[in-house]
């Protein structure tokens, strides 16, 4: 695959811990507003610019995206963001609960995304694509890396480990206890070695960031069309801002399900329906069930937990054989009447980081919650290699990559820095 070094804006080392923020899509609108209220100088104010308007303001209005541009320009003008004009790779290590993962921040080819070398496993929503595409167009920048996984390459990992012996550019711990360390790889020989080794990586897989990838690709295609005969293929818009991690280092957490009602079934009726659907149903218990093996589920309903087991042979199909698919096909659909989990508002998805107490709260007295064993990275790759799609919310990767560490300009129009300087001159 084609992986190139980048130039970018990045925070001053003294400002990085205060400036960077969790990715835009882990918040709903109220949550984003609350975070920005507590962290007014954070990148989330740029990433979710509607937080600067009243709650009733249209979050997709033109002035919202203009605010993203203006705030980014201000952070360039006041020195919070510095431009690194030397093409380089960055190594990004995250350590959570003693477990480390190190990725390479780079520019990946739009053509590789288009032709399936960068592989997808989820559908995207047009409305969410539109939002991120407009954000890129307004700021002229890609502001959040796409999280990619690749099958381990020992030589590549040795190069990465050698580069980490240098002093880091950034090293800080966020509010959740995750330590973030970044190294800059700018020596030409080291840059070329990493670039060449990635040529031996046959494909990469989107672990997180399908909407960021789809929106960046849309902007790329539009810019290519606008360029017409001037297009050369080397322009910045032909590449996607990515962070590439070896699959063995990644941690996937479960994405649990809550259904708001039990469809009129009594507790006994629910148990019988599950058994008729081919599940083994354990006795009531007070302690939460957090499955430790594939094929095991937990269920909270009627004030108690039960352990469930998926019995019988699994389908050969890599999607149909997933626990999340079997839960949908055997339980959520036929027993609870959930047709399309993407559209049914009775269903909510909860990452396990929220805790089982949150599942109990959401289920309440009349709903039902299910805990799952996490989908593996290998299963994700099998689905993507087959050209298939996973059910919604099948994976939850932790820790999340922080946004605002690397801001990559892709527009051939006036730079954010130029706009910031011009506005300051007008104010004088």
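Stretched out fully, how many nm does the piece from residue 311 to residue 115 gain, at 0.36 nm a residue minus the Cα gap?
Working: separation 196, 0.36 × 196 = 70.56 nm, distance 3.85 nm.
Stretched fully, the residue 311-residue 115 segment lengthens by 66.7 nm.
Counting only the Cα atoms, the stretch 55-209 fills a convex hull of 171 Å³ per residue.
Note on the stretch 318-405: Kirkwood radius taken over Cα pairs, Stokes-Einstein applied at 20 °C and 1.002 mPa s, translational D equal to 147 µm² s⁻¹. In summary, the convex hull built on the alpha carbon positions of the stretch 255-373 has an orientation-averaged projected area of 6.8 nm². For residue 388 and residue 196, the FRET efficiency from 1/(1 + (r/R0)^6), where r spans their Cβ atoms and R0 equals 41 Å, is about 0.80. Per residue, the chain reaches -9000 deg cm²/dmol at 222 nm when only DSSP H runs of four or more residues are counted, each adding -39500 (n - 2.57).
In this simple spin-label model, placing a label point 7 Å from the Cα along the Cα-to-Cβ direction at both residue 292 and residue 344 gives a separation of 3.1 nm. A simple spin-label model places pseudo-atoms 7 Å from Cα toward Cβ; at residue 12 and residue 267 they are separated by 6.2 nm. Rg over Rh for the stretch 138-197 works out to 1.02, both radii taken from alpha-carbon positions and Rh defined as the Kirkwood radius. A straight chain from residue 124 to residue 225 at 0.36 nm per residue would run longer than the Cα-Cα distance by 34.1 nm. Computing FRET efficiency as 1/(1 + (r/R0)^6) for residue 187 and residue 155, where r is the C-beta to C-beta distance and R0 is 25 Å, gives about 0.90. Taking 19 Å as the cut-off, the amide N atoms of the stretch 142-171 that come nearer than this to a point 7 Å along the Cα-to-beta-carbon line of residue 248 belong to 148-164. According to the calculation over all Cα-Cα pairs in the stretch 48-129, the P(r) per 10 Å bin from zero is 12, 21, 35, 30, 2 %.
Of the labelled figures [x] 1.11; [y] 0.99; [z] 0.97, only one reflects Rg/Rh (Cα atoms, Kirkwood Rh) as derived from the coordinates, namely [y]. For the stretch 1-140, the alpha-carbon coordinates run over 45, 38, 35 Å along the three principal axes, in decreasing order. Using only alpha-carbon positions in the stretch 367-409, the gyration tensor eigenvalues give semi-axes of 26, 19, 10 Å once each is multiplied by 5 and square-rooted (largest first). Just checking the listed ones, 134, 222, 257: in the Gaussian network model of the chain with Cα springs under 10 Å, the one fluctuating most is 222.
Since every read-out is calculated from the coordinates, none of them should be taken as a lab result. Predicted model only: the values in this text are computed from it and were never measured. Virtual Cβ from ideal backbone geometry, glycine too; neighbours counted across all protein chains shown.
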